[in-house]
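The values are calculated or read from the model by the stated rules, or taken from the named source; none is laboratory data. Just so it is clear, the model here is predicted, and its values are computed rather than measured. Positions of Cβ are generated from backbone atoms using ideal geometry, with glycine treated the same way; all protein chains shown enter the neighbour counts. We work out accessible area using only protein heavy atoms, side chains counted, and drop any ligands, DNA or RNA first. Shrake-Rupley method; radii C 1.70, N 1.55, O 1.52, S 1.80 Å.
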Amino acid sequence: MTDVLVVGAGPVGLSAAAELRRRHVSCRLIDRLAAPLPYAKAVGIQPRTLEIWDRMGLARTVLEAAVEMRGQLVYVDGRERARIELVLPPEVPYRFAALPQYATEHLLEEYVAGLGTTVERGTELLSFTQDEDGVTAVLRTASGAEEEARVGYLIGCDGAHSTVRKQLGLSFEGGAFPEEYMLADVEADWDLPYGYGIRSSHLADDGSTDDLLVCIPLPGAGRYRMSMLVPPELSMRATGPDGTGGDARAAKGDRVAHGLEAGRAPELSHIQAVVDRLAPRPATVSRMRWSSVFRISHRIVDRYGDGRAFVAGDAAHIHPPTGAQGMNTGIQDACNLAWKLALVCRAEAGPGLLASYDAERRPVGEEVVGRTVRHATHGMEAEPDDQRTVMLREAQLLVSYRGGPLARSADGPAGVPQSGDRAPDCAGLTAPVAAYPLRLLDILRGRTEHVLLLYAADPAQLAAAAVASGVVRWPDGGPQPAHRPQTLAVLAREAPPTGLDGLAAVAGYHDAEGEFARLYRPDGPTGFVVRPDGQLGTRFPLAVAAAALRDYVASLSTPATTPRL
């Protein structure tokens, strides 16, 4: 029996499959489309997503294909109102980037194929049932034949009109924006700064926006994905092929008016007309690769799964594209769920661990939906927080699971990275053999399990504390946990990590620049567990390392709640 069936081969489904296959979990990845769509829909890539891809070993490939997003120029009624610089603290390893969605999907699909799983194109999920032992899915294959597949778990990454969500009976509450938009992938010959997005609007007499042009740079000279309000002659509400409006057509189906609409596509002349009205510089647009009309809704499910079936990405939450949060949030959904599924499939954690997926990710989805709706309505300028906090939040570096079922309480003083927070990256780590400094991401790259980081000012003190606490060699006589951290890494501040040869599975690194100490703020000899998704699992004094580590590992097998069937 296949461990997991992933439905939908967009960026979220591909990420789920990649994270599962990296952990040697068998999975099938199906998509009802015969071929990928050549559209530049979701184009923004956040720094947090690049950190996840770095852990997979994929970040460099993406960086070679993407373009840096440096900021945004905001114009109102032809006058520059703001220049937003996308600046992050120097310890953050990646900046904001843009890449057409089809290119992102291509890179992810190649990566997954390298792990032994290919996308089963033209294969559609028709229905499924589940019981205590697995899921039975009925598929229609590319040949038109029906197939019954037995799998352990099911992940619905099948978009805003998700079959998995509907069959689970999950609610999808929210609303829709009345405006319709045009999307186009074009080139413009203006002389605006490279790497900057453009937002240009015109205000009506009552102060509302009655004309809008948003341009996001893409790889290639002068290339942008442009979005703008739809002119009356292209409105899907007025030009439905069945003689009714788009809203009426949606009511006949699942009532979710979100995404690209079938029907009349904008022509280059429609795009040029808006550019002529709103572009801050005179420009001619050309080389249109594709165009479409699309609608925006904001909705979120009441829960991210039921029993052995789960939803992720647009199947769980849809919202305005402001700040490029959607695809990136979905990729983090996939990463969060995949490592937990892997532990359960390998019998290294109890099935109750899977309940933490909803507990951790649904609050994130709710926050993203609410924030993007506010930004779409009032603009990012209305954010009450300081610019640094706004940028970190947009970069998705402030996502935290504090208070969640896996977070340890009171595991550090106020103001330090706590259990559930993102584990900060840091630079300036050296090792005896390497002639160049490393980042923490370099040490974590390729690892698929929890990682234990031990810190002390003196390597000898750290080694003695590690042995005495039983962290290096687990105490004999007691039950051994099914899951334990994959690697033990020692970071020493005051001296190179020598004298550790007798400790099995310990790699030594020197915090030569003190950046680890500055960002993690250890209080004396301290241990840190980094989760497979790059969040901090727990922190503890080395004096109680054995008990703290056993407590955290035990929490993976016996969380407070279990999924229901």
Based on the mean of other beta carbon atoms within 10 Å per residue, what is the order of 276-284, 205-213, most packed first?
276-284, 205-213
Stokes-Einstein D (µm²/s) once Rh is taken as the Kirkwood radius of region 1-137 over alpha-carbon pairs, at 10 °C in 1.306 mPa s
93 µm²/s
Between the modelled labels at Thr389 and Ala507 (7 Å from Cα along Cα→Cβ) the distance in nm is 3.7 nm
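FRET efficiency for Thr141 and His24, Cβ-Cβ distance as r, R0 = 22 Å, nearest 0.05?
E(calc), rounded to 0.05, equals 0.25.
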Sparsely packed GluC sites (Glu not before Pro) within region 94-154, loop by DSSP, other Cβ within 10 Å at most 11:
Glu132
Could you look at region 47-183 and say what percent of its accessible area is carbon and sulfur, using a 1.4 Å probe and all protein chains?
46 percent
Suppose each label sits 7 Å from its Cα in the direction of the beta carbon; what would the Ala82-Arg281 distance come out to in nanometres?
2.3 nm
Row for region 1-58, column shape: gyration tensor on C-alpha, a ≥ b ≥ c, rounded if a/c < 1.5 i.e. under 1.5, prolate if a/b over b/c, else oblate; value oblate
